[in-house]
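Trainee: If you scroll down you'll find the structure; I have some questions about it.
The values are calculated or read from the model by the stated rules, or taken from the named source; none is laboratory data. All values reported here derive from a predicted model rather than from experimental measurement. Glycine also receives a Cβ, built like all others from the backbone with ideal geometry; neighbour counts cover every protein chain displayed. Surface areas here come from the heavy atoms of the whole protein model, side chains and all, with no ligands, DNA or RNA. Shrake-Rupley method; radii C 1.70, N 1.55, O 1.52, S 1.80 Å.
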Amino acid sequence: MQTFMESIVNQTIVSRNSTRFGAILYSDDPENKFSLNYFNSRGEVLNAIKALVPPSKNTYTGKALKYALQFFNEEHGGRRRLNVPQILMVITDGEAQDHYQLEGHSNQLRAKNITVLSIGVQNANIDELLIMAGSNERVFFVEDFKKLETLHKNVSGVICNTTKPSCEQMDVVFLLDRSGSINTSNYQIMKNFTAEVVNSFKVAENLVHFGLAQFSEDPKDEFYLNQHYNQKDIVDKILQLSYMGGGTKLGKALHFVKKYFSPLSGSRSDVPQTLVVFSDGDSQDDVEDAGDDLRRSRIDVLAVAIGNVYDVQLLQITGDPRKIINVGNVEDLPGFKKKVVDAICKKSDDDPDVDPDVDPDTNCTIDIAIGFDISGGRAFSVPLFRLVSPLQEIVRSVSTVSDLCCSASVQTRISFSIIDVDGSSLYVTDFETYNEDVLRKVLDFSWSQATFFNSALLKYFNVKFKSKSTAKVKILVIFSDGLDDNVLKLKQESELLRTSGVSALLMVSLEDTHASELQTVEFGRGHNYQVPLSISLPSISSTILQHIVSDHAERPQSSSRAAAEPF
């Protein structure tokens, strides 16, 4: 069972802003071993899993389901308000002794939009697994624990589909500009459009709720989140709205509309909160403080910009240019319905779900520099691919870093450098995304002289990263046939690389006899990785990729829209 759990964790990017894991063990009684907010790295989670000791008493699964419900709350690290998918994986090898409780507690989990995956081993009851999961596609069964070790491949696909953005439960409030800067005909188009957006969602008491306010010189209540749970009623109410004209006090309206996101107005603390503002941004009062206040309250603010747009004010409202949808002529507004709906659902490619605690300018970027040290004992005038045989496979493998949740992939930028003994360049490429033509030229490069792994080589890469890379994660991979300089000097240069902001130095040995000595100058691999890297390792491509994923996970990240929270 631990091997299965480790396999699931190893396929994900684990961090505060990506995937989080928790674990509950149960027999007669459930026990929380670690919550979703305990650990922020893959290594910590894996160590915690290794320390788990499975209980050996009775099987009270119903009691465990009830207990698990609370651990997806915000106090235990749950991020339902950020629309992060939540998954409970139940692994059991026997029939539940409180089977009569399974259906009720499973329904409670689903009512909270928590997906249950049922994984049965040996004597597990298939009917009980189905009751918990609610669907055959989320039920898995193996005959023994040995087969469980390989089941992660099947489970991963279901998790991937489950963690796609969902709009099943949300609180959405519209704030419509009915001031003189929006004329009557444009106002009618805006009303019709808002009604069409509502028609794109499932409205019900336990699904999506809508509220709406309008503003000009003064804001005006129209309906709160708890007034209408029927789609037709909401649409009818929108189409009956009246135009006023007059001044434009958007800042005043933003302060006013905050009350819509209180429990008294029907706001639900455990679902995403979104404010959609329709305006040209030409406000006669300050909007910045009001926008900041809304975002501090974890309300996602989107601006649909119509007419002659005032970008500065709209940016002060949203705090992120990606959350401004520029329509231009209001007559074109109907063509933006999908983009607005996707933005509300956090689906848009250029509008990821952003943790409000993370700077929106923080990008998930990875630059990988690849260097070579081939000192001697090898024939020259030989193409590089014959000297570093797995290079092509490795480069293709690391060109994209993905986690199990599918939509959090990061396209890396890769650079190749062949450096002379004095640190001058013999052959160099810039950092760029995967390019088959560039890779082919590198593979075909004819090796004509010895190079060395010395201080000059590490100094070269230090300068290269400083001058050419702005990525948040910087990885240096060097293929080497052994150290060619004093080890203390190399360690000093390695430390300078680390302190300059390089995330990891990975040394890949071309000869197994030198693998251990190359490890002495590495950094960034973590204490759990003891095996030296060598091109002779059958899994060298996936091993290097795993290290890069680990370094990516431990840097601050801006996007968590597809992160899952499995227990």
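Trainee: Among the residues of region 39-68 satisfying the criterion of being aliphatic (A, V, I, L, M) and closer than 17 Å to residue 132 by Cα, which is nearest to the chain's Cα centre (by Cα)?
Mentor: For region 39-68, the residue satisfying everything is 68.
Trainee: Further, regarding this structure: For the subset of region 512-545 comprising residues that are assigned to a helix (DSSP H, G or I), surrounded by fewer than 21 Cβ atoms within 10 Å (Cβ to Cβ) and of a type in the set (Val, Ile, Thr), which member is modelled with the highest pLDDT?
Mentor: Here is the first cut: in region 512-545, the residues assigned to a helix (DSSP H, G or I) are 512-519, 540-545.
Then drop every residue that is not surrounded by fewer than 21 Cβ atoms within 10 Å (Cβ to Cβ), which leaves 512-514, 516-517, 519, 540-543, 545.
Retained after the next criterion (residues that are of a type in the set (Val, Ile, Thr)): 513, 540, 543.
On the way: 513: 75, 540: 82, 543: 77.
Here the residue is 540.
Trainee: When both residues are 6+ apart or on different chains and their Cβ atoms are under 6 Å apart, which pairs have a first residue that lies in region 76-90 and is modelled with pLDDT under 85, and a second that is aliphatic (A, V, I, L, M)?
Mentor: 84/563; 85/564
Trainee: If we keep just the residues of region 18-38 that are open to solvent by 40 Å² or more (accessible area, probe 1.4 Å) and among the charged types (D, E, K, R), which is farthest from the chain's Cα centre (by Cα)?
Mentor: If we take residues in region 18-38 being open to solvent by 40 Å² or more (accessible area, probe 1.4 Å) and among the charged types (D, E, K, R), then 28 is farthest from the chain's Cα centre (by Cα).
Trainee: Is there any pair with a first residue in region 28-47 that is more than 25 Å from residue 60 (Cα to Cα) and in contact (Cβ under 8 Å) with a residue 60 or more places away in the chain and a second that is among the basic types (Lys, Arg) and buried (at least 19 other Cβ atoms within 10 Å of the Cβ) whose Cβ atoms are under 7 Å apart and which are 6 or more apart or on different chains, and what are they?
Mentor: 40/16
Trainee: A further question follows. Being among the polar types (S, T, N, Q), out of contact with any Lys or Arg (no Cβ under 7 Å at 6 or more places or on another chain) and open to solvent by less than 10 Å² (accessible area, probe 1.4 Å) narrows it down to one residue among 480, 467; which is it?
Mentor: Working: 467 fails: open to solvent by less than 10 Å² (accessible area, probe 1.4 Å).
Going through 480, 467 in turn, just one is among the polar types (S, T, N, Q), out of contact with any Lys or Arg (no Cβ under 7 Å at 6 or more places or on another chain) and open to solvent by less than 10 Å² (accessible area, probe 1.4 Å): 480.
Trainee: Step by step: first the residues of region 69-87, then only those that are crowded, with 21+ Cβ neighbours inside 10 Å and polar (S, T, N, Q), then the one that is nearest to residue 135 (Cα to Cα). Which residue is that?
Mentor: Going through the qualifying residues, I end up with 86.
Trainee: Given the condition of a type outside the set (Val, Ile, Thr), modelled with pLDDT under 90, surrounded by fewer than 18 Cβ atoms within 10 Å (Cβ to Cβ) and touching a Phe, Trp or Tyr at 6+ places or on another chain (Cβ under 8 Å), answer yes or no: does some residue in region 503-511 qualify?
Mentor: Checking region 503-511: not a single residue is of a type outside the set (Val, Ile, Thr), modelled with pLDDT under 90, surrounded by fewer than 18 Cβ atoms within 10 Å (Cβ to Cβ) and touching a Phe, Trp or Tyr at 6+ places or on another chain (Cβ under 8 Å).
Trainee: Related question: Take the conditions within 26 Å of residue 144 (Cβ to Cβ) and modelled with pLDDT of 85 or more and apply them to residue 57. Does it pass? Walk me through it before giving the result.
Mentor: Values: within 26 Å of residue 144 (Cβ to Cβ): yes; modelled with pLDDT of 85 or more: no.
No; evaluated as a whole, the condition is false for this residue.
Trainee: For region 407-420, name all the residues that are modelled with pLDDT under 90 and either open to solvent by 60 Å² or more (accessible area, probe 1.4 Å) or part of a strand (DSSP E or B) (or both).
Mentor: 409, 410, 411
Trainee: Residue by residue through region 39-68, note down the ones that are open to solvent by 40 Å² or more (accessible area, probe 1.4 Å) and within 29 Å of residue 274 (Cβ to Cβ). Before the answer, list the steps.
Mentor: At the first step, the residues of region 39-68 found to be open to solvent by 40 Å² or more (accessible area, probe 1.4 Å) are 39-40, 44, 47, 50-51, 53-58, 60, 63, 66-67.
Of everything in region 39-68, just one residue is open to solvent by 40 Å² or more (accessible area, probe 1.4 Å) and within 29 Å of residue 274 (Cβ to Cβ), namely 40.
Trainee: Take residue 434 and tell me if it is in contact with a strand residue (DSSP E or B) (Cβ under 7 Å, 6 or more places away or on another chain), open to solvent by 30 Å² or more (accessible area, probe 1.4 Å), hydroxyl-bearing (Ser, Thr, Tyr) and part of a strand (DSSP E or B). Working first, answer last.
Mentor: Values: in contact with a strand residue (DSSP E or B) (Cβ under 7 Å, 6 or more places away or on another chain): yes; open to solvent by 30 Å² or more (accessible area, probe 1.4 Å): yes; hydroxyl-bearing (Ser, Thr, Tyr): yes; part of a strand (DSSP E or B): no.
For residue 434, the condition - in contact with a strand residue (DSSP E or B) (Cβ under 7 Å, 6 or more places away or on another chain), open to solvent by 30 Å² or more (accessible area, probe 1.4 Å), hydroxyl-bearing (Ser, Thr, Tyr) and part of a strand (DSSP E or B) - is not met.
Trainee: Does region 156-169 contain any residue that is in a strand (DSSP E or B) and modelled with pLDDT of 80 or more? I'd like the intermediate steps shown before the answer.
Mentor: Our first condition is that a residue be in a strand (DSSP E or B); within region 156-169, this holds for none.
No: region 156-169 contains no residue that is in a strand (DSSP E or B) and modelled with pLDDT of 80 or more.
Trainee: Going through region 443-490 one residue at a time, which ones are aliphatic (A, V, I, L, M), outside any loop (DSSP other than H, G, I, E, B) and in contact (Cβ under 8 Å) with a residue 12 or more places away in the chain? Write out each step before concluding.
Mentor: Within region 443-490, the subset aliphatic (A, V, I, L, M) is 443, 450, 456-458, 463, 471, 473, 475-478, 483, 487-488, 490.
Remaining after also requiring outside any loop (DSSP other than H, G, I, E, B): 443, 456-458, 463, 473, 475-478, 487-488, 490.
Passing the criteria: 443, 456, 457, 458, 473, 475, 476, 477, 478, 487, 490.
Trainee: Which residue pairs have Cβ atoms under 8 Å apart, sit 6 or more places apart or on different chains, and have a first residue in region 116-134 that is on the phi > 0 side of the Ramachandran plot and a second that is open to solvent by less than 10 Å² (accessible area, probe 1.4 Å) and outside any loop (DSSP other than H, G, I, E, B)?
Mentor: Listed pairs, sorted by first residue: 134/106; 134/116.
Trainee: Contact list please: Cβ distance under 9 Å, first residue in region 53-68 and under 14 Å from residue 24 (Cβ atoms), second residue open to solvent by 70 Å² or more (accessible area, probe 1.4 Å) and assigned to a helix (DSSP H, G or I), pairs at least six apart or on different chains.
Mentor: The qualifying pairs are 61/99; 62/99; 62/100; 62/103; 65/108; 66/108.
Trainee: Identify the residue in region 4-17 that is in a loop (DSSP other than H, G, I, E, B) and farther than 13 Å from residue 43 by Cα and, among all such residues, is farthest from the chain's Cα centre (by Cα).
Mentor: Quick first cut of region 4-17, residues in a loop (DSSP other than H, G, I, E, B) only: 11-13, 15-17.
Okay, now just the ones that are also farther than 13 Å from residue 43 by Cα, so 16-17.
On the way: 16: 10, 17: 7 Å.
Taking the candidates together, the pick is 16.
Yes/no per residue for (1) open to solvent by 10 Å² or more (accessible area, probe 1.4 Å); (2) out of contact with any strand residue (DSSP E or B) (no Cβ under 8 Å at 6 or more places or on another chain); (3) part of a strand (DSSP E or B):
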site	(1), (2), (3)
89	yes, no, yes
102	no, yes, no
107	yes, yes, no
117	no, no, yes
120	no, no, yes
123	yes, yes, no
127	yes, yes, no
132	no, no, no
137	yes, yes, no
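Trainee: Here's a check for you: in region 235-286, which residue that is more than 14 Å from residue 177 (Cα to Cα) and among the hydrophobic types (A, V, I, L, M, F, W, C) is surrounded by the fewest Cβ atoms within 10 Å (Cβ to Cβ)?
Mentor: Going through the qualifying residues, I end up with 264.
Trainee: Right, next: Return only the number of the condition from (1) under 24 Å from residue 493 (Cβ atoms); (2) more than 37 Å from the chain's Cα centre (by Cα) that residue 467 does not satisfy.
Mentor: (2)
Trainee: Is at least one residue of region 174-196 β-branched (Val, Ile, Thr), open to solvent by 50 Å² or more (accessible area, probe 1.4 Å) and at pLDDT below 95? Let's see the steps before the verdict.
Mentor: In the first step, residues of region 174-196 are kept if they are β-branched (Val, Ile, Thr); the result is 182, 184, 189, 194.
After this cut, where a residue has to be open to solvent by 50 Å² or more (accessible area, probe 1.4 Å) as well, the list is 184.
If we keep only those that are at pLDDT below 95 too, we end up with 184.
Checked against the condition, which is being β-branched (Val, Ile, Thr), open to solvent by 50 Å² or more (accessible area, probe 1.4 Å) and at pLDDT below 95, region 174-196 yields at least one hit.
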